[in-house]
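Everything below concerns the one structure shown next.
The values are calculated or read from the model by the stated rules, or taken from the named source; none is laboratory data. Values in this document were obtained by computation on a predicted structure and should not be read as measured data. We place every Cβ from the backbone using ideal geometry, glycine too, and count neighbours over all the protein chains shown.
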Amino acid sequence: MRHELNIWVAGGDMRQAKLAELLAEDGHSVHTFALEQLGDLPGVQAEEHLAGIALADCVVLPLPAAGEGSLLNAPLSERRCPLSRLMDALRPNQIICAGMVGPQTAAMAADRGLTLHDYFAREELAVANAVPTAEGAIQIAMEELPITIQGSRALVIGCGRLGRALAQRLSALGSKVSVAARKYADLAWAESCGYGVEHTGQLEGWLCGYDLVVNTVPARILERTRLEELRPGCLVIDLASKPGGVDLEAAAQLGVKVVWALSLPGKVAPVTAGRSIKTAIYNMLHELGV
């Protein structure tokens, strides 16, 4: 990779803001768009308009790239910039990195001859993100539960990168952890680590013993019938991306406390999260021969 690149960071939350600062620290010429609520960032040029973005060696869009109504995801900006307008300012063959690219966003780019490289799909980023997400979930549990993590009974639904990181940390804090998964290989892994095991498809009748249930699976796992089995005071934390894994309407009707904790890395550890995104982007640029 060349020592100095012209990089634009458009939209996003604190992760993208810290990413811009880290890129500038590495000696790149960094421009930001739709991050103005943070004020001046060290070594970074804030842009009010998209003129000049087509000259960038690399454009970094947020995670997720799209906000509501096909707008650029830009919670730190008063701007309501349609993604289509931003893409119209880009040029074909430009390196565009974006996070969690949905079908509509990908189609919008393809219509303009643009290729989006999804850094959220990178394994190294997924592994790195598991740590701040797990720590953030534990922080929420400590704040919301009336009991300590030590001695609590916790169920982690899902045995992927995040589920494993979370189970390990809860257990280290003294929680009696069980892991629910569909694959027998994952159940064997959980059992080998000393956790209790539950099959995700057979949770009925086993949910009443937990003080804390954390879902990491992006599918509707906790429906009304399962929520009805939870003991009074059980805290549910949903870490799944939209549309989530919990029937929130049923939970509200049943008086079950649910915290739907989206984008935890950017909220609890933005510097770490920004550094992880930077690493993924550098790896992508290296693979692209930049």
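Structure notes:
- Taking first residues from region 189-207 that are at positive phi and partners that are charged (D, E, K, R) and part of a loop (DSSP other than H, G, I, E, B), the Cβ contacts under 8 Å between residues at least 6 apart in sequence or on separate chains come to G205/E229.
- Selection within region 7-25 - crowded, with 16+ Cβ neighbours inside 10 Å and not small (G, A, S): I7, W8, V9, D13, M14, R15, Q16, K18, L19, E21, L22, L23
- Top-ranked residue in region 105-131 [being out of contact with any strand residue (DSSP E or B) (no Cβ under 7 Å at 6 or more places or on another chain) and farther than 22 Å from K278 by Cβ; ranked as surrounded by the most Cβ atoms within 10 Å (Cβ to Cβ)]: M108
- Residue ID - farthest from V60 (Cα to Cα), chosen from residues in region 24-37 that are of a type in the set (A, V, I, L, M, F, W, C) and outside any loop (DSSP other than H, G, I, E, B): A24
- Subset of region 236-290 [of a type in the set (A, V, I, L, M, F, W, C), within 30 Å of C208 (Cβ to Cβ) and crowded, with 19+ Cβ neighbours inside 10 Å]: V236, I237, L239, A240, V246, A251, V256, V258, L264
- So P75, is it within 14 Å of A34 (Cβ to Cβ) and in contact with a strand residue (DSSP E or B) (Cβ under 9 Å, 6 or more places away or on another chain): no
- In region 158-183, of all residues being in contact with a strand residue (DSSP E or B) (Cβ under 6 Å, 6 or more places away or on another chain) and either in a loop (DSSP other than H, G, I, E, B) or outside the structural domain of A219 (by TED's automatic domain parsing) (or both), the one that is nearest to M142 (Cα to Cα) corresponds to S175.
- Scanning region 179-203 for residues that are farther than 26 Å from R224 by Cβ and aliphatic (A, V, I, L, M), we see that the one that is surrounded by the fewest Cβ atoms within 10 Å (Cβ to Cβ) is A185.
- Those residues of region 200-231 which are out of contact with any Cys (no Cβ under 9 Å at 6 or more places or on another chain) and assigned to a loop (DSSP other than H, G, I, E, B), in sequence order: L203, E204, G205, W206, G209, V217, P218, A219, R220, I221, E223, E228
- For region 38-53, the condition of being under 21 Å from the mean Cα position of the chain (by Cα), within 10 Å of A10 (Cα to Cα) and assigned to a strand (DSSP E or B) holds for none of the residues.
- Residue check, P146 in contact (Cβ under 8 Å) with a residue 60 or more places away in the chain, assigned to a loop (DSSP other than H, G, I, E, B) and surrounded by fewer than 23 Cβ atoms within 10 Å (Cβ to Cβ): yes
- Selection within region 67-86: residues that are surrounded by fewer than 21 Cβ atoms within 10 Å (Cβ to Cβ) and outside any loop (DSSP other than H, G, I, E, B). The member of this set that is nearest to the chain's Cα centre (by Cα) is E68.
- Checking M142, M108, M100 one by one, the residue that is under 20 Å from W260 (Cα atoms) and in the same structural domain as A54 (by TED's automatic domain parsing) is M100 and no other.
- Scanning region 218-235 for residues that are buried (at least 20 other Cβ atoms within 10 Å of the Cβ) and either touching a helix residue (DSSP H, G or I) at 6+ places or on another chain (Cβ under 7 Å) or at pLDDT below 95 (or both) gives I221, L227, L235.
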